[in-house]
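Accompanying notes for the structure given below.
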């Protein structure tokens, strides 16, 4: 191993150790209990994995899940097509895939494509918590303001008032900082909204989580797209956004904590005015108390009233077990595990009749 590779490996190990230290073992799901029957056959997984076979997003974790599962069921084989989220849902409705692993939230047109073929929606189970601040790992969406702005917290309805055009949550627009609760010299000053490109998956997530499903954005919002060839750093739209906020005290924008500028700071968020208002931290993302925590979902084709194939059921049960979620900490590269109560709720979807 070269010196450079050794240093990279050491840093990754330290990061994994820090994540493991943050995760209380008691908060993880119970250990996996194998099914009594023998399982065989092939599980075909399509979707999120690695970029051009080089940049690993989640493929190492998927292979870790598969290896752990095969220790219980050596006759089950896996066929991976982890070249990108764009292929995931299509694999289900064309019949070439069994599980579709998404690297982002599912889009309405993907659901519509599936329903056009089968006349019912795909079934999705959240299997991993997104990261706090790792690019391409479902990082939590964070709201930033200039450091000189005295605002410290917002509700999702107030975000809707700033960023949407339909205001399903808020009922009206927030045009001035007084509309968001500031007084004095700030009261009548205009709000300048900043956001990532609305063609990105982040926008779909924001529309569902904040706008109540509306697809209408504030036309005054200034968008920041990644520059051509962007793979992180200063040419990412998120970094350009926080740098622009740093010179605009009247600005407010959404991006992620992987982007830094000492002249901006994040806000605490709450589902509604009753609170609690929660800061974006590793722990609040890990326990899902931060309102804009994201999830990674696996979808499958389950006809109404029909059981899930046993090998798929057991593989999903393994993923959402303690062993599967410990693998997230070990091999997830920044992804975080699903807390026990939420994992149990996802597994219940396999029992419920759709």
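The values are calculated or read from the model by the stated rules, or taken from the named source; none is laboratory data. All of these numbers come straight from a predicted model, not from anything done at the bench. Counting neighbours? That spans all protein chains shown, and the Cβs are built from the backbone with ideal geometry, glycine included.
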Margin query: Quick check on segment 314-354: of everything there that is touching a residue at least 24 places away in the same chain (Cβ under 8 Å), farther than 19 Å from residue 99 by Cβ and out of contact with any strand residue (DSSP E or B) (no Cβ under 9 Å at 6 or more places or on another chain), which residue is surrounded by the fewest Cβ atoms within 10 Å (Cβ to Cβ)?
Written below: 353
Check: Only one of these conditions is not met by residue 276: (1) under 24 Å from residue 134 (Cβ atoms); (2) without any contact (Cβ under 8 Å) to a residue 60 or more places away in the chain; (3) outside any helix (DSSP H, G or I). Which number is it?
Finding: (1)
Next item on the list: Would you mind finding the one in 347, 336, 300, 312 that is assigned by TED's automatic domain parsing to the domain that holds residue 91, at pLDDT 95 or above and under 16 Å from the mean Cα position of the chain (by Cα)?
Entry: 336
Check: Does residue 101 satisfy being more than 16 Å from residue 85 (Cα to Cα), touching a residue at least 60 places away in the same chain (Cβ under 8 Å), buried (at least 23 other Cβ atoms within 10 Å of the Cβ) and more than 9 Å from the chain's Cα centre (by Cα)?
Finding: no
Note to self: So, residue 78, is that one crowded, with 18+ Cβ neighbours inside 10 Å, touching a helix residue (DSSP H, G or I) at 6+ places or on another chain (Cβ under 9 Å) and part of a strand (DSSP E or B) or not?
What the structure shows: yes
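Residue-by-condition table, conditions (1) modelled with pLDDT under 95; (2) part of a helix (DSSP H, G or I); (3) crowded, with 18+ Cβ neighbours inside 10 Å:
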| residue | (1), (2), (3) |
| --- | --- |
| 111 | no, yes, no |
| 125 | no, no, yes |
| 128 | no, no, yes |
| 160 | no, yes, yes |
| 170 | yes, no, yes |
| 174 | no, no, yes |
| 198 | yes, no, no |
| 202 | yes, yes, yes |
Note to self: Could you tell me how many of the residues in segment 29-68 are in a helix (DSSP H, G or I) and under 24 Å from residue 286 (Cα atoms)?
What the structure shows: 9
Next item on the list: Six or more apart or on different chains, Cβ under 7 Å: which pairs go from a residue in segment 21-49 that's outside the structural domain of residue 97 (by TED's automatic domain parsing) and surrounded by 15 or more Cβ atoms within 10 Å (Cβ to Cβ) to one that's at pLDDT below 85 and assigned to a loop (DSSP other than H, G, I, E, B)? Could you list them?
Entry: none
